[in-house]
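Q: To start, I am sharing the structure in question, which I have written as structure tokens.
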Amino acid sequence: MKNTNQLPTEVSPLQRFLKRWGWTLAMVLGVIGITIWQYQLNAQATEAVVASTIRQSTPLVLGALCGLLGERSAVINIGIEGQMLLGAFVGFLVNVWTGNLFLAVLAAVLTGAVMGLLLAYMSVTLKMDQIIGGTVINILALGLTGYFYQVGMVTQGKLQPIPLGPLANIPIIGPAIFNNPPITYATFVLVIVVHYVLFYTKWGLRTRAVGEHPRAADTLGVDVFKIRYVNVIMGGAIAGLAGAFLTLEAVGSFERAMTNGRGFVALAVMIFGKFTPLGAWGAALLFGFANAIQTQLQFADIQIPHQFIGMLPYLLTIIVLSGFVGRTRVPAADGVPYEKE
Amino acid sequence: MDDQAEKEMSTSSGSWLGRLWRTIAVPLAAVLLAMLIGAILLAISGADPIKAYSALFDGAFGSMKAFGRTLAKATPLIFSGLAVAFAFKAGLFNIGAQGQLLFGALVSAVAGFMIHGLPPFLHATLALLIGASAGALYAAIPGALKAYTGAHEVITTIMLNYVAINITDYFADGPFKDTTGGNIVARTPEILDSARIPTIGNIPLGFVLAVLAAVVVWWLLWHTTLGFEIRTVGLSPHAAKYAGMKVAFTVILTMVISGFLAGAGGAIETQGIVGRYQPGFNAGLGFDGITIALLGKTHPFGIIPAALLIGAMKAGASTMQFDAGVAKEITDVIQALMLFFVTADMIVRKLIHARDDGGEKITLSGWGQQ
């Protein structure tokens, strides 16, 4: 802190790059190193953990994208869990009825979007407390899916992995990254798309302006309500896709309350990722890894009660949240309804 | 603050009855609307709504025995509703009432079968207090995290709910497992008779305790310095800080008291109804607390009728399933709709042309604020 009064000294681009990305780079290299080392020791288990990490992280990164679209335009979305659950259920129902997986995914996405619309209506138009609004969605989703779900409904298949030619034969990352079902590929693309839209388009600039200072944005002619509505609805659609991932890609069937807190873990992922899509992706991979390890530990012959292994992801969420929320910059207007003058 | 005070001033004018009407009009309309939409859903799924509702009513109030069942179902709900409402007053959203309730239920069961040789009244009281304290301790964790790190209580309490399920499962299936008679189900042994909270006639004693708890919470909130501090922190943490109040301490203490109430609800369920701890027997009671707290307008005396209503729906659900052939999960849907309409009160006000009651609005903190 001594040097704060001095003029900034010239730094080379390389130094600047290292200062900004050094830690990330070191961590990524560390992870790659450890993975290759483990691969030498036990190829099969390592490939299983890497593939499982990607699989477990997919609903989390989608949930986090849903959350951050809302938050960037200042709408807190606690209802991700419910949007996911209802999307998962409707996708499952359509699959049971029609057997058409494409229609099923579409229905899940639309359901998520409708729930997003409901949240936007409650928080933007009715100016309800956004956390209570999200809780309403969660409880509503739990009730509706519980009532309409009947045990014994049989699905007609699930989305199958599509290997991307020779890429799928690369050791370690081949099976994990280039041999996935469609929603996982779509997730990779969505992270990039949301990042691009948020930081390199007019729409993204307006969204962030509305999240930081809605009054100023309004003065400049930005329609605050429209920006918030569209972002929250798009977010809901992405949460619906996460639901479709659960029923149509990962599990292949529906269970009551099958989201199991993923919508809330996604919020921690979003905060840990500093409200950026790429950061959220990294954070989701960390959480996915915790889940993957958990599965491996349950197979391994270790004398730890399964309940203690089962609570690892939840404890990790609490630790991450307590350690990082104070150091993350939250959009300034987050959670505050906008009143037009 | 000024706005709030002005609103309170303006509503304190007018007759007592008029004020009461303005307070209960929206919850009442919300309940009716939810029942109406529930009826439509029932009709869509091919059931007879009138038959279903009359069976529901019959199962809840049809006889003295049914009424006793409603009271028994309402008892833990009053506690979890009070727990959620109490935290709301300090601007905290305790979704973790479920986890705290589980700890109360488990620990009171353990105290109920492990402690021997105490007279009945003393044993029951001790087990209840130990169980409630377990809930209080568990709620202190998210309180402290919120106060010192800013981790939002909504996420930490939900995560702690999952942790609580795992921990209580572990104990009920491990160290405290009931091994009598070749039992293989995960559950604790039955508690001693001296730890039981009796039912007198058709009225469970636990219900009386729940009503007493509501009175104590009301007194604590509106007639003590602590209550004033809690409500000030809820309305504006900054104002509270400038007035010299210890905000962090108040946040933690509020969570502790809230957890104590939730834990007591779990303990009374164990000691009065279940007789042991068995995983899955208390599922959802803590979440119902959210609906009840909001339906009761976060007022202790509003929570009692709200809990009776939800309790009646739970008590009557089995009869409805049996007599009218309707899946009892429909009551969950109706409950969710009630929650929606009571919180989206602007919609309801438009429908019934009611004025704003000007009561205290709940303000919860976002991620960044503390």
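The values are calculated or read from the model by the stated rules, or taken from the named source; none is laboratory data. Predicted model, so just to flag it, every value in this text is computed and none were measured. We place every Cβ from the backbone using ideal geometry, glycine too, and count neighbours over all the protein chains shown. Areas reflect the complete protein model, heavy atoms only, side chains present, ligands, DNA and RNA absent. Shrake-Rupley method; radii C 1.70, N 1.55, O 1.52, S 1.80 Å.
Q: Can you name the residue in region A:121-164 that is at the interface with another protein chain (Cβ under 7 Å from one of its Cβ atoms) and assigned to a loop (DSSP other than H, G, I, E, B) and, of all such residues, is surrounded by the fewest Cβ atoms within 10 Å (Cβ to Cβ)?
A: Per the criteria, the residue is A:Leu126.
Q: Among helices (runs of 4 or more DSSP H) lying entirely in region A:249-339, which contain 3 or more residues that are open to solvent by 50 Å² or more (accessible area, probe 1.4 Å) and aromatic (Phe, Trp, Tyr)?
A: The qualifying helices (runs of 4 or more DSSP H) are A:277-299.
Q: Can you name the number of the only condition in (1) in contact with a helix residue (DSSP H, G or I) (Cβ under 7 Å, 6 or more places away or on another chain); (2) polar (S, T, N, Q); (3) over 19 Å from B:Tyr148 (Cα atoms) that B:Thr254 fails?
A: (3)
Q: Determine whether B:Ala74 is within 14 Å of chain A (Cβ to nearest Cβ), within 16 Å of B:Met313 (Cβ to Cβ) and touching a helix residue (DSSP H, G or I) at 6+ places or on another chain (Cβ under 7 Å).
A: So B:Ala74 does not fit the description; no.
Q: May I pose another question? Answer yes or no as to whether B:Gly14 is modelled with pLDDT under 80 and either polar (S, T, N, Q) or open to solvent by less than 70 Å² (accessible area, probe 1.4 Å) (or both).
A: Against the criterion (modelled with pLDDT under 80 and either polar (S, T, N, Q) or open to solvent by less than 70 Å² (accessible area, probe 1.4 Å) (or both)), B:Gly14 qualifies.
Q: Take region B:269-294 and flag every residue that is open to solvent by 10 Å² or more (accessible area, probe 1.4 Å) and within 14 Å of chain A (Cβ to nearest Cβ).
A: The answer is B:Pro279, B:Gly280, B:Ala283, B:Gly284, B:Leu285, B:Phe287, B:Asp288, B:Leu294.
Q: Filter region B:133-192 down to the residues that are away from chain A (no Cβ under 14 Å), assigned to a loop (DSSP other than H, G, I, E, B) and of a type outside the set (A, V, I, L, M), then identify the one that is surrounded by the fewest Cβ atoms within 10 Å (Cβ to Cβ).
A: B:Thr179
Q: Inside region A:102-120, can you point out the residues that are open to solvent by 30 Å² or more (accessible area, probe 1.4 Å) and more than 18 Å from A:Pro337 (Cα to Cα)?
A: Listed by number, the residues that qualify are A:Phe102, A:Leu103, A:Leu106, A:Val109, A:Leu110, A:Val114.
Q: Going by the structure shown, is B:Ile197 more than 9 Å from every other protein chain (Cβ to nearest Cβ) and under 24 Å from the mean Cα position of the chain (by Cα)?
A: So B:Ile197 fits the description; yes.
Q: Report whether or not B:Gly91 is touching a strand residue (DSSP E or B) at 6+ places or on another chain (Cβ under 7 Å), at pLDDT below 95 and either over 28 Å from B:Pro237 (Cα atoms) or outside any helix (DSSP H, G or I) (or both).
A: So B:Gly91 does not fit the description; no.
Q: Now a separate question. Return the residue satisfying two criteria in turn: it lies in region A:267-324 and is of a type in the set (Val, Ile, Thr) and more than 20 Å from A:Ile131 (Cα to Cα), and of such residues it is modelled with the highest pLDDT.
A: If we take residues in region A:267-324 being of a type in the set (Val, Ile, Thr) and more than 20 Å from A:Ile131 (Cα to Cα), then A:Thr276 is modelled with the highest pLDDT.
Q: Let me ask another. Is it fair to say B:Lys297 is in contact with a Pro (Cβ under 7 Å, 6 or more places away or on another chain), modelled with pLDDT of 80 or more and open to solvent by 40 Å² or more (accessible area, probe 1.4 Å)?
A: Against the criterion (in contact with a Pro (Cβ under 7 Å, 6 or more places away or on another chain), modelled with pLDDT of 80 or more and open to solvent by 40 Å² or more (accessible area, probe 1.4 Å)), B:Lys297 qualifies.
Q: Which residue out of A:Thr155, A:Thr125 is modelled with pLDDT of 85 or more and among the polar types (S, T, N, Q)?
A: A:Thr125
Q: Within region A:76-101, count every residue that is of a type outside the set (S, T, N, Q), open to solvent by less than 10 Å² (accessible area, probe 1.4 Å) and under 16 Å from the mean Cα position of the chain (by Cα).
A: 9
Q: If you go through region B:305-332 one residue at a time, how many are open to solvent by 20 Å² or more (accessible area, probe 1.4 Å), within 23 Å of B:Ser80 (Cβ to Cβ) and within 12 Å of chain A (Cβ to nearest Cβ)?
A: 3
Q: Still on this structure, I have one more. List pairs: first residue in region B:227-242 and surrounded by 20 or more Cβ atoms within 10 Å (Cβ to Cβ), second residue outside any helix (DSSP H, G or I) anywhere in the structure, Cβ distance under 6 angstrom, at least six positions apart or on different chains.
A: Within 6 Å, the pairs are B:Glu229/B:Met245; B:Ile230/B:Ala90; B:Val233/B:Ala90; B:Gly234/B:Ala90; B:Gly234/B:Gly91.
Q: Being open to solvent by 10 Å² or more (accessible area, probe 1.4 Å), part of a helix (DSSP H, G or I), within 12 Å of chain A (Cβ to nearest Cβ) and at pLDDT 90 or above is the requirement here; does B:Ile130 meet it?
A: no
Q: Starting from region B:275-296, take each residue that is over 19 Å from B:Asp345 (Cα atoms) and among the hydroxyl-bearing types (Ser, Thr, Tyr) and list its partners that are open to solvent by less than 10 Å² (accessible area, probe 1.4 Å) and part of a loop (DSSP other than H, G, I, E, B), counting only C-beta distances under 7 angstrom and pairs at least six apart or across chains.
A: These pairs meet every condition: B:Tyr277/B:Thr188.
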